[in-house]
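The values are calculated or read from the model by the stated rules, or taken from the named source; none is laboratory data. Please read all numbers here as calculations on a predicted model, not as lab measurements. Every residue, glycine among them, receives a Cβ derived from its backbone with ideal geometry; neighbour counts consider all protein chains shown. Please note that ligands, DNA and RNA were not included when accessible areas were found on the heavy atoms of the full protein model with its side chains. Shrake-Rupley method; radii C 1.70, N 1.55, O 1.52, S 1.80 Å.
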Amino acid sequence: MLQAVRIEGLRSLTDTGSIDIKPLTILVGENSSGKSTFLRFFPLLKQSFEANTSGPILWTGYVNFGTYREVHQHNSPNGIKFHISFNLDRFLFRQIFPQPKIQVNLSIELSESKKKQTTRVSKIECQVEDSVIKIDISEDGSLSKYQVNSLNILELGGKFEATRLDGRSMLPIIFEDSQKDLLDFELYRFSRFRETQGIVFSKLYEDVKFLCSKAKSEDTALSTVQYIIRRCIGNSNQILNVIKQANEAQYWKKNTKNWDRESSEFQRIRDLAIAHIFPSFLEICDSYIGSLSKNISYIGPSRATAEQRSQQV
């Protein structure tokens, strides 16, 4: 469920700070302080997911904001930022969560796309339990930053891009160049081909294979990697336990026995596993936010102009 919202750089809202969303939430403030703008964020979210658009946000619909240039604070050094906190149920994700609920804090920065003259997602920051993933997206869609905790994924050698496959999505699809051919298929999001492709998977496989006994087959290393990436969404202590249990071989247990959450070997495998699964995780977050938006109802402020009326959306 939706837990908290924070908005930066939207009209008069320089920074709302994190506002908890309760069954009954009351906003108190002076006139023109941004109360209505904050409330209109929710139907803005709803109309953005309902309409088939070229950008992630539809600024006109149930509520009319105008254009990105009209609503962005021009004195702000950054774009418009939406921060959303929520719990993900383990059954919404095909990975096996180590716990029933996963705490997610998702931040999205919006910028103006000069080429397409629309809004685009330029930055994503996602905190999943105690791990933080940061992504910067250039105007051409290439990733200029992909970092999981302290691990710089771009330094591994792969090239990553972001695009929108679905006009009713807010978050982009993140993919490696080696996966570009998959974008021609409607079922890209559900493709298992991604599980064993790309530079991130290769690096993870190399590290895991090194920790396995040389006498073991490549299939053993592969199954160990797949066990980890299918259970790597959780806090560091949980992921550490997952890694230690990923292989029953004595050689593996010997190599991982003394690891704790501060061990560099553990942190690298954890971060590689998260980096590999994060594009799929981001798609689940997008679908979940979209499902939440379907239940949003909005009644316009009574103080507005005569043409403005209560509306159920």
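Could you give the DSSP H helices of the chain that reach 30 angstrom or more along their long axis (alpha carbon positions) and whose average Kyte-Doolittle hydropathy is no lower than 0.0? The qualifying helices are 264-293.
A cut-off of 5 Å between modelled amide H atoms, ignoring neighbours fewer than 5 places along the same chain, links ALA4 with ILE21, SER85.
Among [x] 144; [y] 235; [z] 162, which one is volume of the Cα convex hull per residue in Å³ computed from these coordinates? Checked against the structure: label [x].
Using a Gaussian network model of the chain in which every pair of alpha carbons under 10 angstrom is joined by a spring, one finds that among ASP271, ASP166, ASP140 the greatest mean-square fluctuation is at ASP140.
Remark: the Cα gyration tensor places the stretch 1-75 in the oblate category, a/c being 1.5 or greater and a/b not exceeding b/c. The distance linking the stretch 242-292 with the stretch 152-171 is 20 Å (Cα centroid to Cα centroid, whole angstrom).
Ratio of the stretch 39-90's C-alpha Rg to 2.2 N^0.38 Å, to two decimals? Each step should come with its number before you reach the end.
Details: Rg = 12.8 Å, N = 52, 2.2 N^0.38 = 9.9 Å.
Taking N as the residue count of the stretch 39-90, the ratio is 1.30.
Would you mind counting up the charge near ASP271? Only other residues with Cβ under 14 Å from its Cβ, with Lys and Arg at +1 and Asp and Glu at -1.
Combined, the nearby Lys, Arg, Asp and Glu give -1.
What is the packing order of peptides 27-37, 146-156, 60-70, taking the mean over residues of other C-beta atoms within 10 Å and listing the highest first? Kindly include the intermediate steps, with their values, before the conclusion.
Numbers: 27-37: 12.2, 146-156: 17.2, 60-70: 14.2.
Descending packing order for the listed peptides: 146-156, 60-70, 27-37.
If you roll a 1.4 Å probe over the chain with all protein chains in place, what percent of the accessible area is carbon or sulfur? If you can, show how the numbers build up before the last one.
Working: 7710 of 16100 Å².
So the carbon and sulfur contribution to the accessible surface is 48 percent.
For VAL132, the residues 5 or more places off, or on other chains, whose built amide H falls under 5 Å of its own are ASN149.
For the pairs LYS35/LYS145; LYS22/LYS294; LYS203/LYS257; LYS22/LYS101; LYS22/LYS81; LYS101/LYS254, flag any whose C-alpha to C-alpha distance is greater than 25 Å.
Working: LYS35/LYS145 34 Å; LYS22/LYS294 18 Å; LYS203/LYS257 22 Å; LYS22/LYS101 18 Å; LYS22/LYS81 21 Å; LYS101/LYS254 32 Å.
With Cα atoms farther than 25 Å apart: LYS35/LYS145; LYS101/LYS254.
Decide, for the stretch 36-173, between rounded, prolate and oblate: order the square roots of the alpha carbon gyration tensor eigenvalues as a ≥ b ≥ c, take rounded if a/c falls under 1.5, and otherwise choose prolate if a/b is larger than b/c, else oblate. Judged from the Cα gyration tensor, the stretch 36-173 comes out oblate (a/c at least 1.5, b/c at or above a/b).
Would you rank ARG11, ARG231 by solvent-accessible area, highest first, keeping every protein chain in place and using a 1.4 Å probe?
On the way: ARG11 85, ARG231 55 Å².
Largest to smallest exposure gives the sequence ARG11, ARG231.
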